[in-house]
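*Asks:* One structure follows; several queries about it will come next.
Nothing in this text is a laboratory measurement; each read-out follows from the coordinates by a stated rule. The structure displayed is predicted, hence computed values, not measured ones. Reconstructed Cβ throughout: ideal geometry from the backbone, glycine too, with neighbour counts over all protein chains shown.
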Amino acid sequence: MGNVRRVLFACGVFVVGLAILSRLIIGTETARADSATFDLAGPRVEVTVTRAGKMLPISEVPNLQPGDRLWIHPDLPESQSVHYVLIIAFLRGSTNPPPDDWFIRAETWTKQMREEGIVVTVPQEAQQTLLFMAPETGGDFNTLRATVKARPGAFVRASQDLNQASLDRLRLEKYLAEVKDTWETDPKALQERSAMLARSLSIKVEQQCFDKPSEQQAPCLTQNTDQLVLDDGHTQSMVTALTSGPSGDLIGAASATTLAGGGYYSAYVAAIVDVARILGNMHTAEFQYIPALALPERQVLKLRLNNPPSFRKPQSVLVVGLPPVEAAQLPPLRAVSADEIFCLQKAPLVLPVDGAPLVFATDIAHDFVLHVESKSGTGTDLPATPSAARGGFVVDTKALHAGQLDPEAKGTLRGRWGFETFAGPTFQLRSAHAANWIIPAADQGSLIVGREDSIHLQSATAACVEKVSVASASGEDLKATWKPGKADEIEVAIPLKDAAAGKMKLTVKQYGLAEADELRLRAYSEAAHLERLTINAGDREGVLKGTRLDEVDSAELKGVHFVPAKVSRSEQKDELQLIAAKDATLPALEPEEKLTAKVALTDGRVLELQTTVQAARPKVSLVSKSVQRGAAESAIRFGGDDEVTPDGKVSFFVKTEVPDRFPHAEKIEVATADESSHVLLSEADGSLILQDAQTALAVFTPAKGFAGSAFGPLRFRVVDGDGTSGDWLPLGTLVRTPSLKEIRCPDKPDRQCKLSGTNLFLIDSVASDPQFKNTVPVPGGYVDSTLSVPRPNGTLLYFKLRDDPSTVSTMVLPVLPEE
């Protein structure tokens, strides 16, 4: 597969070569304007720069300064048939022609030049340096010198454009080399590394290339290479990029021309077009000037040409730009994320940076270290290497020892830019150590089986996490995944779709540590969902709404413990009544007060619910009542004053407490205990009559509002005009009674008597004494019209009604002889 990739890549190079050939055939002028490929190999020139006694190869020099000593050595083959004259020219701006002695001529074919080269010193006030390589002819030096002095501005701009183009070409070469290497060694990483290369080198990446089959992605990414290089402000500032005036107009015009695709020129192409036109205008009968890009490798400048040189008149003069003579423009290197935290033990440790493509594409930035400052003030320098494919600096942490590391530290990138030292961005650093991991309150109890769930772990060592694993109680690996979160936090995703609820163990492995940190977790079944807690000012109870409220164990609100009473269900929602503990002293709850209720579940989880106290509910008290029973019960003497018959009536007075005046819209609701029967009493229907502003008379007639089968305890409550109801208060007991006719007894006193009547099943039991020592129970479902009962004490029998079996009543009937 690797051979196939190399063949495809070579085919791409071949296509580029054909494009160059076609341009040459079409014409020299079109080639000058159109070709930015510079794929013709030219001569090699060795150059070093010495400043203040320190020598650097040309690849590490971004700028020259007056007084620098340049060693220049054209590296021409022994078989070189054409003698080249090397001319070193120093310029001092576009409006100030240089003096004659700023031009130095050297014959490259001489023994001294071949073996030793030439050393020149940058003169004071110089601003640009150009190398010319011209075929030897009579008067070559004088002709060239006169041309440069006649039009210094053109050569100043040519110097600037050549430097711009050379630096941009180095970015492009770096990108192409990295793409090729990745494609051949790890094609699956191509998309990720391309994104890093684009950021580091300021290169345009065509994202649609990744929609193609894998074997076509790299050739796609390396098409139209002239257009890949984006503007880089640092490069332009280094070469004094032309951004205003006639030069800026020329570059702007070049960017909009259709010569190479219409409107798609990059700054790189604009510089090439510019220098090609400038040097094309220098055409004379003797010489034509062609640009040469200088691509440095250590002390060797590899020259690249976009037109083949001519050795017939007009002969070609190669023009090479050296770094400008100016103050160093330090790279604006910056951290990609200033808040990100890095672990010193992580291998490899990569510090993401951007803002200075030349740091990654050239050797100008060199001798980098990460200077780690400890709290004690001592510092450690760790070697750091820029990596465009990784998007930052790779730090070698081998020199670190565990005993040297503070839990927290700061590290600053330091290095050299040419001869100058400079400091880059500062990074927050952590070192791995046994940690106390914290699960935020919001994630407590958040792991629910039947789905994939996640939790967050917080620790100052979060940046040092190497691996996270989660095991069930049985030891099964749950295949958890994790990713960094915000500062000092990681997020762990745990697949629990097929897991069982119960205990789990989470293990966190940190870089450089043999022992892992362990946490105990618990996965739960689907939790109760809390929707709303309603509690009113002045109440000791509230209503919790939601689902699965049967799992609620207790609740706490404003320091008061509430216990669950009963759960009811309506419209697929649960309603749970919560009642304050009997011994609890309830603090005053103010309307609209914002509180947080903590609801404890039976499995130990505690859920929080934001609650707003509602306005106080209406409240009344019972002042007095009167019960009137129907005439049909004349044979019955009721044992309690609270028993109400269906054909009877209850009149009762109530007094309002909240609000302090009885509103006309307020009503009284009367209902059975199970609320199967209820009725509203109101002023509108005459069943509620105000005595004064605080007191009202309510009249309740069961026969008018209740069904015939209603029975049992009665209660009432006040309901305001908005439908808000008060607490239930007891009113009495609704009892149904049988119709009793007579008692017939036999002559023998040891035999039972017969009670006759209708609906005798409403009787629970009958006795001859109030203590019910001699009793006869009435079986359920009794349908006869006579009932065997104990012999009465005179005309009196005791009985209990089935609707109120706790109360003893009496029946008074004539006792007749048995027929």
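*Asks:* Using only the Cα atoms of segment 636-709, what semi-axes does the equivalent ellipsoid have when each is the square root of 5 times a gyration tensor eigenvalue? Give whole Å, largest first. It would help to have the intermediate numbers written out before the result.
*Replies:* Values: eigenvalues 119, 41, 25 Å².
Values for segment 636-709, descending: 24, 14, 11 Å.
*Asks:* Work from the charge dipole of segment 453-601 (Cβ charges, +1 for Lys and Arg, -1 for Asp and Glu, about the Cα centre) and give the residue of 487, 599, 508 farthest towards its positive end.
*Replies:* Of the candidates, 508 comes out farthest on the positive side.
*Asks:* Please list, by residue number, every one of the trypsin sites (Lys or Arg not before Pro) in segment 583-688 that is coil in DSSP and has at most 12 other beta-carbon atoms within 10 Å. If you can, show how the numbers build up before the last one.
*Replies:* Details: sites: 594, 598, 605, 619, 625, 629, 637, 649, 655, 661, 667; in loops: 605, 629, 661.
Qualifying residues, ordered by number: 661.
*Asks:* Within segment 721-819, what percent of beta bridges assigned by DSSP are antiparallel, to the nearest 5? Intermediate results must be reported in sequence, preceding the final value.
*Replies:* Values: 22 of 25 bridges.
Here the share of antiparallel DSSP bridges comes out near 90 percent.
*Asks:* May I ask for the Kirkwood hydrodynamic radius of segment 379-479, worked out over all distinct Cα pairs and given in angstroms to one decimal? Walk me through the intermediate numbers first.
*Replies:* Details: mean 1/r = 0.0569 Å⁻¹.
With all distinct Cα pairs of segment 379-479 included, I get 17.6 Å.
*Asks:* Next question, about the same structure. Counting only other residues whose beta carbon sits under 9 Å from that of residue 548, what net charge do I get with K and R as +1, D and E as -1? Write out the running numbers ahead of the final one.
*Replies:* On the way: positive: none; negative: 526, 550, 551, 574.
After counting each charged neighbour, the total is -4.
*Asks:* In segment 104-155, if every C-alpha pair distance is counted and binned at 10 Å from zero, what percent goes to each bin?
*Replies:* 18, 47, 31, 3
*Asks:* Which net charge results when you count Lys and Arg as +1 and Asp and Glu as -1 among the other residues whose beta-carbon is under 14 Å from that of residue 95?
*Replies:* Values: positive: 92, 149, 151, 157; negative: 125.
Neighbourhood net charge equals +3.
*Asks:* Another question, if that's okay. Step through the residues of segment 112-120 one at a time and calculate ³J(HN,Hα) from phi using the Karplus curve (6.51 cos²θ - 1.76 cosθ + 1.60, θ = phi - 60°), rounding each to whole Hz and writing x for Gly and Pro.
*Replies:* 4, 5, 5, 8, 10, x, 9, 10, 10
*Asks:* Shifting gears a bit: To the nearest 20 debye, what is the magnitude of the charge dipole of segment 474-581 about its Cα centre, counting +1 on the Cβ of each Lys and Arg and -1 on the Cβ of each Asp and Glu? Provide the component values of the computation, followed by the final result.
*Replies:* Numbers: 17 positive and 20 negative charges, 19 e Å.
Here the size comes out at about 100 debye.
*Asks:* If you don't mind, another one. From the backbone phi of segment 585-592, what are the Karplus-calculated ³J(HN,Hα) couplings (6.51 cos²θ - 1.76 cosθ + 1.60, θ = phi - 60°) in whole Hz, Gly and Pro given as x?
*Replies:* Values per residue, Gly and Pro as x: 9, 7, x, 5, 9, 9, x, 6 Hz.
*Asks:* Taking a cut-off of 19 Å between Cα atoms, list the lysines near residue 741, but don't count ones fewer than 8 places away on the same chain.
*Replies:* Cross-link targets: 754, 800.
*Asks:* Separate question: Within 9 Å, Cβ to Cβ, of residue 391, how many net charges do the neighbouring residues add up to if Lys/Arg are +1 and Asp/Glu are -1?
*Replies:* Values: positive: 193, 199, 390; negative: 354.
Summing Lys and Arg as +1 and Asp and Glu as -1 gives +2.
*Asks:* Could you tell me whether segment 298-346 comes out rounded, prolate or oblate from its Cα gyration tensor? Rule is a ≥ b ≥ c as square roots of the eigenvalues, rounded for a/c under 1.5, then prolate if a/b exceeds b/c, otherwise oblate. Can you show the working numbers first?
*Replies:* Working: a/c = 4.20, a/b = 2.95, b/c = 1.43.
Judged from the Cα gyration tensor, segment 298-346 comes out prolate (a/c at least 1.5, a/b above b/c).
*Asks:* Need one number: the % of Cα-Cα pairs in segment 711-786 sitting beyond the 20 Å mark. Could the numbers behind the result be given before it?
*Replies:* Details: 1534 of 2850 pairs.
When every Cα pair of segment 711-786 is considered, 54 percent fall beyond 20 Å.
*Asks:* Taking amide hydrogens as modeled 1.01 Å from N in the peptide plane, which residues meet the under 5 Å criterion relative to residue 644, leaving out close sequence neighbours?
*Replies:* Result for residue 644 returns 733, 734, 735.
*Asks:* Given 4 °C and 1.567 mPa s, how large is the Stokes-Einstein diffusion coefficient of segment 298-454 in µm²/s, with Rh as the Kirkwood radius over Cα pairs?
*Replies:* Numbers: Rh = 19.5 Å.
Using the Kirkwood radius from Cα pairs, D works out to 66 µm²/s.
*Asks:* Output wanted: per-residue J couplings in Hz (rounded whole) for segment 445-452, from phi through Karplus 6.51 cos²θ - 1.76 cosθ + 1.60, θ = phi - 60°, x for Gly and Pro.
*Replies:* Per residue, the Karplus-derived 3J(HN,Hα) values read x, 8, 7, 10, 5, x, 7, 8 Hz.
*Asks:* Now a separate question. Answer rounded, prolate or oblate for segment 441-519, using the Cα gyration tensor with square roots of eigenvalues a ≥ b ≥ c: rounded when a/c is under 1.5, else prolate when a/b is larger than b/c, else oblate.
*Replies:* Values: a/c = 2.15, a/b = 1.42, b/c = 1.51.
Taking the square roots of the gyration eigenvalues as a ≥ b ≥ c, segment 441-519 is oblate.
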